[in-house]
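What follows is a short report on a single structure.
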Amino acid sequence: MEESELFAAMGFSLEARQQAVVPLKRVYTPDVCRGIAADPKRGLGSAICLFHPCWPGLLIPLLDVGRDLGTVQPWGDDALLKRLTRRDTFRDAAFELRVLANLTRAGYRAHRIPEAPPRKTPDLAVQVGLDTYELELKAVSDSPIDEAADFISEQLVRADLFVAGLHLELRGSEALSARAFEDLTGVLGDVPKIKAAFEECAARIRQSRGGSGVYEVLPYGTIQAVPGPGGGSVTPVVLPDLPSAKRINKLVRLVRDASRQFMVRRGIALVGVRRSADMLEVAEAIKAAAAQDPAGFARCHMVVLVDSVSDPVREYKSIPLALPVQVHPRRQLSKAQGRLAAVAAGHGGRVAHFVRAARPGEPSVAMGTAKRAMTSTVIGPDCKVDISRVLPGVGRT
């Protein structure tokens, strides 16, 4: 598949990309780009796509931001624009911008609520009929292990690991995983050694013309090699994920924190789950927490859990998902509130689908959670990438 076809399949035709680039240029000015390039802490993450060749799919978050900027036109909002240029705030700022763009496209009157330190204020206000709701947006923030995993992955995808014709998945050992929970600082100190060990193993595979198989990278893990693109590709998954119970508790804490920020009783918390936990389990945990602490959740009228799943019909696209949670049993959710939830949780012009538990014997979509993986690939001189070979298990439907 050619690069232009791949972008189009992801929802960005050439015309859409050109439209998205115009507002992006107002945010990522030459001065901003020079600042990002000079600061490694800012030059990684989503912004790395501005400076290095990459798989086209990695540009989609930036193009999404460009499209949403064109809808919202927040050129006087210096705080939001600055957050979009920093690695540690980009994802939250992009999420906030996306929700505001969704509401604007759907005809709602919505705006950002100015910050008023030292009090924490909700993010947005939206008018629904005669009612005005406060919206607080929360997204799962990275734990120290998540941040370390991303840092290590970024080092490895830029290392000398490519083997022509193979996709290499870098797996951490059980010993390294256990050590990460006990001595994360020490693991981070060993990143140069980890990188060198995986590079040495990749070099052995190249020299021996090795094929598919599992290769030991003592004492740090293994490389699992499968057929891949002509130039090679790499996906590091080196450090472990948090236990399910901890991830769910983390999301409940986000909702409780949001409830404290509402100034009126009509508060709505939108929580980006980011495939970190099962949405249905999180919903039940939120209801249980509210039942135990009614005062702590008194101003929270509704929680909307936001996530997505790969579209089984349309290749390279995702289906936005929402799960409205009625926090207090005596406060029934109206149709207007349900529509608001579906619109706010949408993505790319699509409203979100509501999630519910499958009935016995009913076809369902697996909603398993998985740790984020970062994939890097070498695109050949013909600029064509067979995505089914770049990401094993993902192919044409």
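Brief remarks on what is shown
- Only one of the numbered conditions (1) outside any helix (DSSP H, G or I); (2) charged (D, E, K, R); (3) at pLDDT 95 or above is violated by ARG209, and that is (3).
- Checking each residue in region 104-135 for being touching a residue at least 40 places away in the same chain (Cβ under 8 Å), surrounded by 15 or more Cβ atoms within 10 Å (Cβ to Cβ), within 20 Å of MET263 (Cα to Cα) and in contact with a Lys or Arg (Cβ under 9 Å, 6 or more places away or on another chain) picks out VAL126, VAL128, TYR133, GLU134.
- Checked against the criteria, ALA202 does not count as closer than 13 Å to LEU239 by Cα, assigned by TED's automatic domain parsing to the domain that holds ALA148 and hydrophobic (A, V, I, L, M, F, W, C).
- Flag for LYS250 being among the charged types (D, E, K, R), in a helix (DSSP H, G or I) and under 26 Å from the mean Cα position of the chain (by Cα): yes
- Condition met for ALA289 (of a type in the set (A, V, I, L, M) and over 22 Å from the mean Cα position of the chain (by Cα)): yes
- For region 210-245, the candidate set comprises residues that are among the hydroxyl-bearing types (Ser, Thr, Tyr) and touching a helix residue (DSSP H, G or I) at 6+ places or on another chain (Cβ under 7 Å); within that set, the residue that is nearest to GLY172 (Cα to Cα) is TYR220.
- Checking each residue in region 284-305 for being farther than 19 Å from THR132 by Cα and either surrounded by fewer than 20 Cβ atoms within 10 Å (Cβ to Cβ) or in contact (Cβ under 8 Å) with a residue 60 or more places away in the chain (or both) picks out GLU284, ALA285, LYS287, ALA288, ALA289, ALA291, GLN292, ASP293, PRO294, ALA295, GLY296.
- So VAL264, is it at pLDDT 85 or above and hydrophobic (A, V, I, L, M, F, W, C): no
- Scan of region 166-183 for residues that are surrounded by fewer than 16 Cβ atoms within 10 Å (Cβ to Cβ) and either among the aliphatic types (A, V, I, L, M) or touching a residue at least 12 places away in the same chain (Cβ under 8 Å) (or both), ordered by number: ALA175, ALA178, PHE181
- Criterion applied to ARG171, ARG209, ARG179, ARG158 was being among the basic types (Lys, Arg) and on the phi > 0 side of the Ramachandran plot, and the one residue passing it is ARG209.
The values are calculated or read from the model by the stated rules, or taken from the named source; none is laboratory data. Predicted model, so just to flag it, every value in this text is computed and none were measured. Because the Cβ atoms are built from the backbone with ideal geometry, glycine has one as well, and the counts that use them run over all protein chains shown.
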